[in-house]
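Worksheet for the structure shown next.
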Amino acid sequence: MAASRYRRFLKLCEEWPVDESKRGRDLGTYLRQRVAQAFREGENTQIAEPEACDQMYESLARLHSNYYKHKYPRPRDTSFSGLSVEEYKLILSTGTEALLPLSGWFANDSLSLSSQGELSIKTALLDGKSCGIAQRKF
């Protein structure tokens, strides 16, 4: 039975895309590493908790097939910021040089590079008053 589980995870890894724009923090790459770690002996690996293994596979398969995206469709492909999906992909990419043109998109934002070259975006839109969310006192 471990052999079939191993083959199912391998197939999922083959199908899962790798996003090169997220070097070092891509889910597809992480998944491949974890499967290689979990199945060190390949098809001969002994699985201590087969039910947990099957649940993990089913959860990953639902994510890969966009099960929740189809079950809970969004009315629009954007959010409060008004940015497109392509613009979000650009913002979320690892390369900081691609983000420098984005410095004027948010109100009262500041774009800065740390000493390690990491990009930090601080925006006033996340403040409850700025984005129109009523503030409650409890």
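If you place +1 on the Cβ of every Lys and Arg and -1 on the Cβ of every Asp and Glu, how big does the dipole about the Cα centre of region 1-98 come out, in debye to the nearest 20? Please list the in-between numbers first.
Numbers: 16 positive and 15 negative charges, 35 e Å.
So the magnitude is around 160 debye.
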**Request:** Per residue of region 11-18, in order, report the coupling 6.51 cos²θ - 1.76 cosθ + 1.60 (Karplus, θ = phi - 60°) as ³J(HN,Hα) in whole Hz, putting x for Gly and Pro.
**Result:** 5, 4, 5, 5, 7, 6, x, 10
**Message:** Modelling each spin label as a point 7 Å along the Cα-to-Cβ direction, I'd like the F80/L92 distance in nm, to one decimal.
**Reply:** 1.8
**Per DSSP, loop trypsin sites (Lys or Arg not before Pro) in region 53-88 with at most 15 further Cβ within 10 Å** = R76
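How large is the accessible surface per residue of region 1-95, computed with a 1.4 Å probe and reported in Å² as a whole number?
I get 76 Å² per residue for this part.
The values are calculated or read from the model by the stated rules, or taken from the named source; none is laboratory data. Owing to the predicted nature of the structure, the values given are computational and were not obtained by experimental measurement. Note that we place each Cβ from the backbone using ideal geometry, even for glycine, and neighbour counts take in every protein chain shown. Side chains are part of the model used for accessible areas, which takes the heavy atoms of the whole protein and leaves out ligands, DNA and RNA. Shrake-Rupley method; radii C 1.70, N 1.55, O 1.52, S 1.80 Å.
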